[in-house]
1. Just to be sure, is Gly217 touching a Cys at 6+ places or on another chain (Cβ under 9 Å), open to solvent by 10 Å² or more (accessible area, probe 1.4 Å) and either assigned to a loop (DSSP other than H, G, I, E, B) or free of Cβ contacts under 8 Å to residues at least 60 places away in the same chain (or both)?
2. Looking at (1) under 17 Å from Met1 (Cβ atoms); (2) part of a strand (DSSP E or B); (3) open to solvent by less than 70 Å² (accessible area, probe 1.4 Å), which one does Leu177 not meet, given that it meets all the others?
3. Output the residue which, of all residues in segment 180-212 that are within 18 Å of the chain's Cα centre (by Cα) and of a type in the set (D, E, K, R), is least open to solvent (accessible area, probe 1.4 Å).
4. Would you list the strands (runs of 3 or more DSSP E) that sit entirely within segment 62-144 and hold 2 or more residues that are out of contact with any helix residue (DSSP H, G or I) (no Cβ under 6 Å at 6 or more places or on another chain) and more than 15 Å from Pro52 (Cα to Cα)?
5. Please determine, by comparing only the residues of segment 102-112 that are surrounded by 11 or more Cβ atoms within 10 Å (Cβ to Cβ) and at pLDDT below 95, which one is farthest from the chain's Cα centre (by Cα).
6. Pairs, please: C-beta under 7 Å, at least 6 apart or cross-chain, first residue among the small types (Gly, Ala, Ser) and in segment 82-97, second in a loop (DSSP other than H, G, I, E, B)?
7. Scan segment 41-55 and give yes if some residue there is surrounded by fewer than 21 Cβ atoms within 10 Å (Cβ to Cβ) and without any contact (Cβ under 8 Å) to a residue 12 or more places away in the chain, otherwise no.
8. Between residues in segment 236-256 that are more than 26 Å from Thr39 (Cβ to Cβ) and of a type in the set (Asp, Glu) and residues that are modelled with pLDDT under 95 and open to solvent by less than 60 Å² (accessible area, probe 1.4 Å), which pairs lie under 8 Å by C-beta distance while being six or more apart or on different chains?
Amino acid sequence: MKLTILGCSGSIPGPGSPTSGYLVESGETRILLDLGNGTLGTLQRFGDPFGPEALLLSHLHPDHCADFGALTVLRRYHPSPPYDPTARKLTVFAPEEAPERLAALYAPNEGERASADLSDVFEFAPVPETPVRVGPFEIRAFPVHHVCPSWGFRIAAEGRVLAYTADTGPCDGLAELAHEADVLLAEASWPDSPDRPDGLHLSGKQAAELAERSSAGRLLLTHLQPWCDETAILAEAREHTSVPTELVSTAAEYRV
């Protein structure tokens with residue numbers, strides 16, 4: 001499996017990175033994890049943006065789904081797409097209210113109401129309660145703890161496992177999500193502090209403790225907010241785990 005970072009800034013785009021978005025590949029199959037502000041631009045560096053066979057949205061905060069509006073424009077209005085997007089719709093696994101919420105993102109006023117039905121180029125499906133297959137990938141979703149419904153994803157292919165926490169505070173579901181994952185892609189939004197809001201995001205320390213408890217093979221830290229000191233978050237994480245740990249960066253590629 002190959003993981004490509006399309007964006008990794010938390011909450012808002014940073015000066016050098018879009019927000020959350022990740023491309024995962026196995027063989028000829030490509031899937032997307034989240035599609036935050038600016039990530040569709042990065043995706044175009046790594047091949048045809050019509051290529052992915054599925055999009056998994058962990059939750060509907062803009063820093064994880066804002067480029068869905070741009071993706072709609074691409075799939076509806078590209079003058080020479082590689083296939084008919086109305087005949088080969090993109091599967092979107094997302095929270096139940098996603099079709100209405102994302103339609104409002106794309107067509108925000110009354111004059112555009114007629115274009116707000118996105119089912120011409122997308123096939124929406126709820127975040128799966130049981131494992132689903134997309135090509136060689138087996139995908140499992142785990143509810144995690146955030147201020148809105150949010151899911152982490154465990155993705156297996158080629159005998160390897162990538163676990164993605166999405167946005168979450170510490171919660172019971174993370175242990176099974178991350179258990180013995182070859183790569184744990186974990187948010188670490190800020191340095192650990194009692195002054196941080198409880199249960200909203202993971203700190204560097206909390207992400208590291210999750211990796212250590214789960215016997216993960218490698219810890220990749222993402223979703224760092226641009227107003228936080230990323231070197232401090234990395235140092236904090238490395239202090240609390242023996243698992244090899246690094247910060248991701250936009251356009252970086254990793255073998256899982």
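1. no
2. Every condition holds for Leu177 apart from (2).
3. Glu187
4. 122-126, 137-144
5. Among those that are surrounded by 11 or more Cβ atoms within 10 Å (Cβ to Cβ) and at pLDDT below 95, it is Glu112.
6. Ala94/Leu57; Ala94/Val127
7. So far as segment 41-55 goes, yes, one or more of its residues are surrounded by fewer than 21 Cβ atoms within 10 Å (Cβ to Cβ) and without any contact (Cβ under 8 Å) to a residue 12 or more places away in the chain.
8. Once the first residue is more than 26 Å from Thr39 (Cβ to Cβ) and of a type in the set (Asp, Glu) and sits in segment 236-256, its partners that are modelled with pLDDT under 95 and open to solvent by less than 60 Å² (accessible area, probe 1.4 Å) give Glu236/Pro191.
The values are calculated or read from the model by the stated rules, or taken from the named source; none is laboratory data. Model, not experiment: these values are computed from the prediction. Cβ atoms come from the backbone with ideal geometry, glycine included; neighbour counts cover every protein chain shown. Side chains included, ligands, DNA and RNA excluded: accessible areas come from the protein's heavy atoms. Shrake-Rupley method; radii C 1.70, N 1.55, O 1.52, S 1.80 Å.
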